[in-house]
Amino acid sequence: LNRGLESLRDLPCETLDGHRMPLWVNTGLMADVARSLDRGAEGVGLYRTEIPFLLRERFPSEEEQRQIYREQLLAFAPLPVTMRTLDIGGDKALPYFPIEEENPFLGWRGIRVTLDHPEIFLVQVRAMLKASEGLNNLRIMLPMISNVEEVDEALRLARRAYDELVEDGWDISLPPIGVMVEVPAAVSQARQLARRVDFLSVGSNDLTQYLLAVDRNNTRVADLYHAYHPAVLSSLYTVVEAAHAEGKPVGICGELAGDPGAALLLMAMGFDMLSMNDNSLLRVKAVIRSAKIADSQALLEKAMEAETSDQVRTILKAAMVDAG
Ligand code: PEP
Ligand code: MG
């Protein structure tokens, strides 16, 4: 089967009736790069910058970060690389920056930490911008946004970092900046967010956790963590429509994007790109290449009428069987 899938690597990701569906990849380590390129990724939809931070014993300096980011950007250039600013807290703690809280997933994480420590944010954005010199394939993405003030403040800091570097003679351009939609409030305010930035990207792992109030890592409630929950699906659809109403592209970079059945639904909703782990790329491409956009739209209509996750699962399973 894998040999069959490998032959898809250089073929476009499009349906039988010619609808293009760009497939991007999630990365965090240099080791991911070769496999991602090998499997035909068209860009990086999520580079988790906290991963190199987790592998160190102290905060990497601006110069160390510049080198790490440069390596990623160079490896994929001219393909776009979406670098997420540090997303620590929640389940991701740096050994040299301990955060002790009763309720870490509702606590100090993601953009909340870096806006409270603008020096961390500024050093990171400066390192990203310096790394992009001469390449122009950088995109920057903000995690855990729950209100527009956070976006305005992060944009102000990013602009400041950019202006200072240009002043110092760096030959860089201001990269596209986007927001992750992974908190229910960001779904409700997706239009206001989209208006401020260049793109949206749904983090469906956290969005599912926060919509359903189910800790994504707690095995006791794992049975309730349903990425196919109708409330999740309707939220995803809402975000696509909001982004497009503002003329902005919207992707998805949670695990759901790498699920072949769900990928058909996400394509039908109108997502502009799906970003997934490299091991899902070829399977999702195979399913999309054997589908028709009109059939996927009918599938979506049916799935949106479902009242339970189980009904959605059954609908998708039947579609997968039909697709062979
Ligand atoms: C998500 O929440 O869906 C996401 C992509 O980010 P992470 O899994 O790193 O929290
Ligand atoms: Mg997340």
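Of note:
- Judged by the mean number of other Cβ atoms found within 10 Å, the most tightly packed of the peptides 7-13, 313-319 leads the ranking 313-319, 7-13.
- Gyration tensor verdict on the range 229-280 (Cα atoms; rounded if a/c is under 1.5, prolate if a/b is larger than b/c, oblate otherwise): oblate
- Taken along its three principal axes, the alpha carbon spread of the range 88-139 comes to 45, 19, 18 Å, from the longest extent down to the shortest.
- Using C-alpha pairs under 8 Å with a sequence gap of at least 6, the mean separation divided by the residue count of the chain gives a relative contact order of 19 percent.
- For chymotrypsin sites (Phe, Trp or Tyr not before Pro), no site in the range 156-230 is both called loop by DSSP and has at most 11 other Cβ atoms within 10 Å.
- Whole-percent pair-distance distribution, where bins are 20 Å wide, for the alpha carbons of the chain: 32, 59, 9
- In degrees, nearest ten, helix 118-131 long axis to first principal axis of the chain (Cα): 80 degrees
- Shape metrics for the range 199-324, restricted to C-alpha atoms - Rg then Dmax, Å: 14.0, 41
- Between the residues Y225, A306, G107, the greatest Cα displacement towards the positive end of the dipole of the chain, with unit charges on the Cβ of Lys, Arg, Asp and Glu, is found for A306.
- Reach of K302 by Cα under 17 Å, taken over aspartates and glutamates that are not fewer than 8 positions away in the same chain: D310, D322
- Three principal axis lengths of the range 1-57 [C-alpha, angstrom, descending]: 51, 24, 14
- Alpha-carbon radius of gyration plus Dmax, which is the widest Cα pair, for the range 58-119 in Å: 14.1, 44
- Relative contact order of the range 80-187, taken over Cα pairs closer than 8 Å and 6 or more residues apart, is 32 percent.
- Residue among V181, V148, V284 with the largest mean-square fluctuation in a Gaussian network model of the chain, springs linking Cα atoms under 10 Å: V148
- Inverse of mean 1/r across different Cα pairs in the range 25-183, Kirkwood, Å: 15.9 Å
- Gaussian network model of the chain, Cα within-10 Å springs - most flexible of M267, M83, M30: M30
- Column: log10 I(q)/I(0), Debye, Cα scatterers of the range 19-92, q = 0.23 Å⁻¹: -1.06
- Spherically averaged projected area of the range 137-274 from its Cα convex hull (nm²): 9.0 nm²
Each value in this text was obtained by applying a stated rule to the coordinates, not by laboratory testing. Only a predicted model underlies this, so the values are computations on that prediction, with no experimental measurement involved. Cβ sites come from the backbone with ideal geometry, for glycine too, and all protein chains shown count toward neighbours.
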